[in-house]
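What follows is a set of notes on a single structure, which appears directly below.
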Amino acid sequence: MAISLPVLPYGKDALSPFISANTLEFHYGKHHKTYVDNLNKLLEGTDLIKLSLTEIIKITAKDAAKTGIFNNTAQVWNHSFYWQCLKGGGGKPAGAIAQKIDATWGSYEKFADDLKNAGLTQFGSGWVWLVQEGKDLKITKTANADTPLAHEQKPLLTIDVWEHAYYLDYQNRRADYLTAVIQNLINWDFVNANL
Ligand code: MN
């Protein structure tokens with residue numbers, strides 16, 4: 001069964017002006033789609049094709065001979081997760097995640113600063129994450145396609161910090177992109193549902 005590109009959970013202009021429809025045209029319509037197409041080519045004729053994306057990620061993560069499959073599978077999964085982490089009209093967290101953030105970082109403001117700084121200091125392409133490890137919440141960052149699923153962590157939230165995620169709207173200003181996303185676009189209902 002072929003992997004399919006998931007439907008974007010909102011219209012291409014839903015995140016505007018913080019992430020433009022133009023960025024979504026390329027990021028979802030070209031970059032994400034290309035990872036799906038490449039993965040389907042790589043999985044053709046292999047036993048892995050019967051497995052879920054998360055199973056393929058866990059099996060291929062430590063296998064140097066399967067780096068291409070790992071990279072494309074993780075990028076398909078990471079992007080599908082990222083789209084769900086966003087929505088137009090995001091704001092501050094509520095519910096269980098808000099309490100856990102306060103308990104871990106002392107305040108939402110400190111958490112937001114740390115999340116932004118982690119995204120800003122990821123050298124080169126990658127992702128910044130809020131994850132659950134055991135009972136603890138942690139902010140982590142991963143390079144290129146790497147994903148917390150390969151490190152026995154449960155992803156709760158991610159922001160893509162590859163240049164293709166922000167260059168059309170922010171050029172080299174990754175900090176401005178991170179601030180805009182964190183302040184305006186986080187879907188905290190989705191983050192709560194991941195707890
Ligand atoms: Mn991306």
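The values are calculated or read from the model by the stated rules, or taken from the named source; none is laboratory data. Being a predicted model, the structure only gives us computed values, none of them experimental. Note that we place each Cβ from the backbone using ideal geometry, even for glycine, and neighbour counts take in every protein chain shown. Protein only, heavy atoms only, side chains kept; ligands, DNA and RNA dropped before computing areas. Shrake-Rupley method; radii C 1.70, N 1.55, O 1.52, S 1.80 Å.
Extension gain, Leu51 to Lys92: 0.36 nm times the residue separation minus the Cα-Cα distance gives 11.1 nm. Label separation (Phe26 vs Asp189): 3.1 nm, computed from points 7 Å beyond Cα along the C-beta direction.
In region 96-194, the alpha-carbon atoms span a convex hull of 90 Å³ per residue. All Cα-Cα separations within the chain were binned at 5 Å from zero, giving a P(r) of 1, 8, 16, 20, 20, 16, 11, 5, 2, 0, 0, each value a whole percent of the pairs.
Of the whole protein surface, Phe190 contributes about 30 Å² of accessible area at a 1.4 Å probe radius. Shape class of region 21-84 from the alpha-carbon gyration tensor: prolate, with a/c at 1.5 or above and a/b greater than b/c. May I ask which residue of Phe111, Val161, Ala180 lies farthest towards the positive end of the charge dipole of region 96-194, with charges of +1 (Lys, Arg) and -1 (Asp, Glu) on Cβ and the Cα centre as origin? In region 96-194, that residue is Phe111. Other residues whose C-beta falls under 13 angstrom from the C-beta of Leu5 contribute a net charge of +1, scoring Lys and Arg +1 and Asp and Glu -1.
Residues considered: Ala96, Ala165, Ala112. Largest GNM mean-square fluctuation over the chain, using C-alpha springs under 10 Å, is found at Ala96. For Lys41, the lysines whose Cα falls under 23 Å of its own Cα, not counting residues fewer than eight places away in the same chain, are Lys30, Lys33, Lys50, Lys58, Lys62, Lys66.
The simple spin-label model puts a point 7 Å past each Cα toward its Cβ; for Ala2 and Asp113 those points are separated by 5.0 nm. With protein chains left intact and a 1.4 Å probe, residues in the chain average 48 Å² of accessible area per residue. Protein heavy-atom surface of region 69-158, 1.4 angstrom probe: 50% of the accessible area is carbon and sulfur, with nucleic acids and ligands not counted. Does region 135-175 come out rounded, prolate or oblate, given a ≥ b ≥ c as the square roots of the eigenvalues of its C-alpha gyration tensor, rounded meaning a/c under 1.5 and, failing that, prolate meaning a/b above b/c? Taking the square roots of the gyration eigenvalues as a ≥ b ≥ c, region 135-175 is prolate. Under the simplified labelling scheme, the Asn40-Glu152 pair shows an inter-label distance of 3.6 nm, with each label point 7 Å from Cα along Cα→Cβ. If you take all other residues with their beta carbon under 14 Å from the beta carbon of Phe123, and give Lys and Arg +1 and Asp and Glu -1, the sum is 0.
Taking packing as the residue-averaged number of other Cβ atoms within 10 angstrom, the listed peptides 133-140, 153-160 run from highest to lowest as 153-160, 133-140. Near Trp188, once Lys and Arg are set to +1 and Asp and Glu to -1 for all other residues with Cβ below 13 Å from its Cβ, the sum equals +2. Ser125 contributes an accessible area of around 40 Å² to the protein surface, as traced by a 1.4 Å probe with all chains present.
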